[in-house]
1. Please name all residue pairs, on different chains or six or more residues apart, with Cβ atoms under 6 Å, provided the first residue is in region 16-32 and is within 17 Å of A61 (Cα to Cα) and the second residue is acidic (D, E).
2. Quick check on K44: is it in a helix (DSSP H, G or I) and more than 23 Å from the chain's Cα centre (by Cα)?
3. How about region 33-78: which of its residues are among the acidic types (D, E) and free of Cβ contacts under 8 Å to residues at least 60 places away in the same chain?
4. From the list K33, K15, K64, K60, which residue is part of a helix (DSSP H, G or I) and at pLDDT below 95?
5. Restricting to region 51-69, name every residue that is surrounded by 15 or more Cβ atoms within 10 Å (Cβ to Cβ), among the hydrophobic types (A, V, I, L, M, F, W, C) and either touching an Asp or Glu at 6+ places or on another chain (Cβ under 6 Å) or under 29 Å from K18 (Cβ atoms) (or both).
Amino acid sequence: NVPALTSERRTELAKSAKSLGEDGKVAIRNIRKSALSSVKKMEKAIGKDAAKDAEDDIQKAVKKYEGEVAKLVADREKEITTV
């Protein structure tokens, strides 16, 4: 048998989930930085307009996935804190 979680253990697990979510967001931002630098390097070959469009697409994708990470973290925290 596994004993029920105490309130302080639930709080600790919620903090851990939030920390992992922040790590995920940082990873997404690092990927964005890498992708933007690649677009900058290719700017002469693809043109300024295409580079700007690519940067906008990258930013939209980053916002989308950061939102998903935030939603997952919020859902997990709710699940953990629910008795």
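1. K25/E66; I28/E66
2. In short, yes.
3. E43, D49, D53, E55, D56, D57, E66, E68, D75
4. Result: K15 is the single residue among K33, K15, K64, K60 that is part of a helix (DSSP H, G or I) and at pLDDT below 95.
5. A51, I58, V62, V69, listed by residue number.
This table checks each residue for (1) under 16 Å from D75 (Cα atoms); (2) at pLDDT 95 or above; (3) aromatic (F, W, Y); (4) surrounded by 12 or more Cβ atoms within 10 Å (Cβ to Cβ).
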site: T11; (1), (2), (3), (4): yes, no, no, yes
site: A27; (1), (2), (3), (4): no, yes, no, yes
site: V39; (1), (2), (3), (4): no, no, no, yes
site: E43; (1), (2), (3), (4): no, no, no, yes
site: I46; (1), (2), (3), (4): no, no, no, yes
site: D49; (1), (2), (3), (4): no, no, no, no
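The values are calculated or read from the model by the stated rules, or taken from the named source; none is laboratory data. No experiment lies behind these values; they were computed from the predicted model shown. Reconstructed Cβ throughout: ideal geometry from the backbone, glycine too, with neighbour counts over all protein chains shown.
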